[in-house]
1. Specify the residue that is nearest to residue 31 (Cα to Cα); the eligible residues are those in the stretch 59-117 that are surrounded by fewer than 18 Cβ atoms within 10 Å (Cβ to Cβ) and among the hydroxyl-bearing types (Ser, Thr, Tyr).
2. Which fully enclosed strands (runs of 3 or more DSSP E) of the stretch 96-146 have 2 or more residues being modelled with pLDDT under 90 and of a type in the set (Ser, Thr, Tyr)?
3. Is at least one residue of the stretch 72-91 in a strand (DSSP E or B) and either modelled with pLDDT of 85 or more or within 26 Å of residue 15 (Cα to Cα) (or both)?
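The values are calculated or read from the model by the stated rules, or taken from the named source; none is laboratory data. Owing to the predicted nature of the structure, the values given are computational and were not obtained by experimental measurement. Glycine also receives a Cβ, built like all others from the backbone with ideal geometry; neighbour counts cover every protein chain displayed.
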Amino acid sequence: MSEPAYVLDSTAFYAGIPYQGSGRYYTTYLVLEEVKHHNVGASLIHSRVQVTEPTPGSLSRVKTTAIRTGDIGALSQTDLSLLALGLDLMHGDGGVNLVSDDFAVRNVAEVLSIPLAPTAMKGGEWKSITWKIYCRGCGKTYTNPKLTVCPVCGTQLVRKASSS
Ligand SMILES: [Zn+2]
């Protein structure tokens, strides 16, 4: 049996995921650009994380899907590259799990059937994610994940993952 493989977003690096436990870790050059200024040991990255560019075919499939789901505006180039890499690796040896606590990333991953790590890493353990949806305008919080705009004041809602 092969070790589990993970595609990591930048928050996964900040949480220290590549430095604990065993597994095969992948990320993209855009993620590396984001995290390399943040006290992430370059030598550790090179010894434990394989940095790979997604294929153009997967990138365009991710973009098309994100436009259809309405998530495209919430996704950075980095997010798109991660999703495309997940798409590239999901059929490989042992498959892959995408690690991200970004709502739009997870939404598009689900539509593309990219396996998601169901949880976020905290203190060296996997914890389940719950979503907090709140309004920056009036401060009201919601639980319905399908809401995008505050029914009270019309402000765009913000989603935040919190691991309990
Ligand atoms: Zn509001």
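1. Going through the qualifying residues, I end up with 76.
2. Once the strands (runs of 3 or more DSSP E) in the stretch 96-146 are filtered for at least 2 residues that are modelled with pLDDT under 90 and of a type in the set (Ser, Thr, Tyr), what remains is 125-135.
3. First, pick out the residues of the stretch 72-91 that are in a strand (DSSP E or B): none.
No - not one qualifying residue is present in the stretch 72-91.
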